[in-house]
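Input: a single structure, listed below in C-alpha cells.
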C-alpha cells in the first residue's frame with residue numbers, strides 16, 4: 001500500500017485545491033433591452049435570444 005513519504009505542505013495543498021473552486025457566474029447585457037442576462041440563455045426580462053423573440057414575457 002502506498003504511503004506518502006512526507007506531509008503535504010499547506011501551500012501545495014491550497015495550490016491544488018484552488019483549481020477545484022467554481023468560477024463566478026458570468027453576466028452580460030441583452031442586445032435588445034440592455035438588461036443583465038447570462039450568456040447563451042434567453043433574456044429573462046424581454047424573452048429574446050439570438051436577435052429573435054423566443055419566449056413571450058407577460059407584463060405585470
Original post:
Would you say residue 40 is in contact with a strand residue (DSSP E or B) (Cβ under 9 Å, 6 or more places away or on another chain), exposed (fewer than 10 other Cβ atoms within 10 Å of the Cβ), outside any helix (DSSP H, G or I) and without any contact (Cβ under 8 Å) to a residue 40 or more places away in the chain?
Top reply: yes
Original post:
Which one of these does residue 16 not meet: (1) assigned to a loop (DSSP other than H, G, I, E, B); (2) surrounded by 10 or more Cβ atoms within 10 Å (Cβ to Cβ)?
Top reply: (1)
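Every number here is computed from the coordinates shown, using simple stated rules; none is lab data. What you are looking at is a predicted structure, and each value in this text was computed from that prediction instead of being measured. Ideal geometry is used to build each Cβ from the backbone, glycine not excepted, and the neighbour counts take in all protein chains shown.
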